[in-house]
C-alpha cells in the first residue's frame, strides 16, 4: 500500500522546485532587461555629454573671439570721448516770423533721457 501523505509531500516538493526555477528564470530575465536598459541609458547619456561638450567648445571659441574684438574696439577709442553725445537738430521750416518751435529732434548716440520736448531757434 502507498502512503498518501508521502505522495502529497513529493508532489509539493516538485511544485516548489518548479516555482524556484520559475523565480530564478524571472530574476535572470529581469537582470538581463535591467542591464540592457542601463546600457542604453549610459550610451545615450554619453552621447548627450559629447554633444553638449562640442556645443560648449563652439560657443566658447565664438565668445573668445567676441571678447578679443571688444578689447580691440576699446583700445582704439579715446576714453575722453566716452561721455560725448551727438545730437542733430533739424528744423521743419524756416520763416521770417518770430522764433518757432522745432518739431523734429533727431538724436544719435544719446546717453541721457532728458532731451527737451521742443527747442526754439532764431534766424540769423
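Ellipsoid fit via the Cα gyration tensor, the stretch 1-77: semi-axes of 73, 7, 4 Å, each the root of five times an eigenvalue, largest first. A Förster radius of 35 Å, combined with the Cβ-Cβ distance separating residue 31 from residue 53, puts the computed FRET efficiency at roughly 0.60.
FYI, it's all coordinate maths here, none of it is from the lab. Only a predicted model underlies this, so the values are computations on that prediction, with no experimental measurement involved. For neighbour counting, all protein chains shown are included, and Cβ atoms are generated from backbone atoms with ideal geometry for every residue, glycine included.
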